[in-house]
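Shown next, in structure tokens, is the structure this report addresses.
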Amino acid sequence: MPVERVTDPAYGVTWYRFSEPDIDADAGLMHALVTRLGGVSSPPFHSLNLSSSGGDDPQVVQVNHGRLFDALSLSATQVVSPSQVHGHQVTVVGHADGGTIIPNTDALITDQRGLVLLLRFADCVPVLLYDAEHHVVGLAHAGWRGIAAQVVPATVAALTKRFGSRPQQLWAGIGPSIGPDHYTVGDEVVQRVQATLSPDTCVASRIAGQWHLDLPEAVSAQLRGLGVTRIAHAGICTACTPHEWYSHRGEAGHTGRFGVLMALR
């Protein structure tokens with residue numbers, strides 16, 4: 001399995017982590033793909049919903065954050081999150097940003113040990129980036145709009161410009177997201193995503209008169225085009241496994257958001 005499952009016994013908070021050798025051997029990286037299990041939110045947000053934007057009670061969402069932070073031995077002041085807008089803005093963050101929300105941002109990067117990046121998802125692709133050579137991390141949110149806006153190339157470019165990262169030395173993890181079997185889109189969406197890829201790369205297929213778009217493969221194709229070759233896929237479709245993951249498309253828009261965290265130890 002490309003990922004391994006971990007459950008905290010106190011509340012049942014459950015997360016996955018990539019188990020490939022490069023990451024297992026490096027004690028400098030913490031990351032967690034956090035499921036919807038172990039929280040206190042009521043349906044349709046049950047149970048570890050990390051966003052109140054869809055209508056969940058903000059106090060309940062705060063309790064969920066507390067459970068997650070307890071399970072991972074974190075404090076809220078260590079954690080920085082963005083207000084995600086499906087764009088391509090990348091922000092460099094440091095310890096002064098701990099406990100805050102960065103506006104209008106879809107990717108965070110840092111070289112600060114102990115600062116935890118937290119982004120939220122419900123079908124869009126979590127993109128984890130780690131440079132062991134320079135000891136930096138990046139975490140991006142890539143739905144079709146973000147892919148079309150090239151948030152992934154922007155994040156790699158920011159790592160290169162700010163920290164000297166080399167794409168060929170980066171490790172990339174593709175987290176749980178909606179798979180092509182469940183993701184039908186129109187012609188314009190396909191055209192805008194395909195326009196960011198090489199002409200010989202196709203990430204959409206026509207089935208029974210509908211386009212099915214492969215978001216994880218689109219992200220992978222962009223990474224490969226930048227020279228990133230070490231790419232790990234969680235292999236989890238959010239729409240296929242609603243008992244563990246939130247899926248905006250699979251649950252007709254009435255759902256919560258799960259979290260993905262990264263930090264340098």
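Within the stretch 92-105, at least one residue is of a type in the set (Gly, Ala, Ser), surrounded by fewer than 20 Cβ atoms within 10 Å (Cβ to Cβ) and either out of contact with any strand residue (DSSP E or B) (no Cβ under 8 Å at 6 or more places or on another chain) or closer than 21 Å to residue 48 by Cβ (or both). Scanning the stretch 5-35 for residues that are within 20 Å of residue 127 (Cβ to Cβ), assigned to a loop (DSSP other than H, G, I, E, B) and either within 19 Å of the chain's Cα centre (by Cα) or among the charged types (D, E, K, R) (or both) yields 19, 20, 26, 35. The set of residues in the stretch 43-88 being among the small types (Gly, Ala, Ser), buried (at least 19 other Cβ atoms within 10 Å of the Cβ) and assigned to a helix (DSSP H, G or I) consists of 71 alone. One residue alone among 88, 65 is at pLDDT 95 or above, out of contact with any helix residue (DSSP H, G or I) (no Cβ under 6 Å at 6 or more places or on another chain) and not aliphatic (A, V, I, L, M), and that residue is 65. Taking residue 40 as meeting all but one of (1) among the aliphatic types (A, V, I, L, M); (2) closer than 25 Å to residue 115 by Cβ; (3) at pLDDT 95 or above; (4) not in a strand (DSSP E or B), write down the number of the exception. Failed condition: (2). Exactly one residue out of 190, 156 is closer than 18 Å to residue 131 by Cα and either in contact with a helix residue (DSSP H, G or I) (Cβ under 8 Å, 6 or more places away or on another chain) or not hydroxyl-bearing (Ser, Thr, Tyr) (or both), and it is 156.
Tally time: how many residues in the stretch 141-156 are in a helix (DSSP H, G or I) and not basic (Lys, Arg)? Walk me through it before giving the result.
Pass one, the stretch 141-156, residues in a helix (DSSP H, G or I): 144-148, 151-156.
With the extra rule that they be not basic (Lys, Arg), the set shrinks to 144, 146-148, 151-156.
Result for the stretch 141-156: 10.
Here are some residues: 215, 170, 159. Which one is under 16 Å from the mean Cα position of the chain (by Cα) and surrounded by 22 or more Cβ atoms within 10 Å (Cβ to Cβ)? Just one listed residue meets the conditions, 215.
Confirm whether residue 207 is surrounded by 14 or more Cβ atoms within 10 Å (Cβ to Cβ) and touching a strand residue (DSSP E or B) at 6+ places or on another chain (Cβ under 9 Å). For residue 207, the condition - surrounded by 14 or more Cβ atoms within 10 Å (Cβ to Cβ) and touching a strand residue (DSSP E or B) at 6+ places or on another chain (Cβ under 9 Å) - is not met.
Answer with yes or no whether residue 201 is crowded, with 23+ Cβ neighbours inside 10 Å, more than 17 Å from residue 86 (Cα to Cα) and of a type in the set (S, T, N, Q). No: the conditions fail for residue 201.
Within the stretch 162-188, being β-branched (Val, Ile, Thr) and part of a strand (DSSP E or B) holds for 174, 184, 185. Of all the listed residues (159, 117), the sole one being in contact with a Leu (Cβ under 9 Å, 6 or more places away or on another chain), in a strand (DSSP E or B) and modelled with pLDDT of 95 or more is 117.
The values are calculated or read from the model by the stated rules, or taken from the named source; none is laboratory data. Computed from a predicted model, the values in this text were never measured in an experiment. No Cβ is skipped: glycine too gets one built from the backbone with ideal geometry, and neighbour counts run over all protein chains shown.
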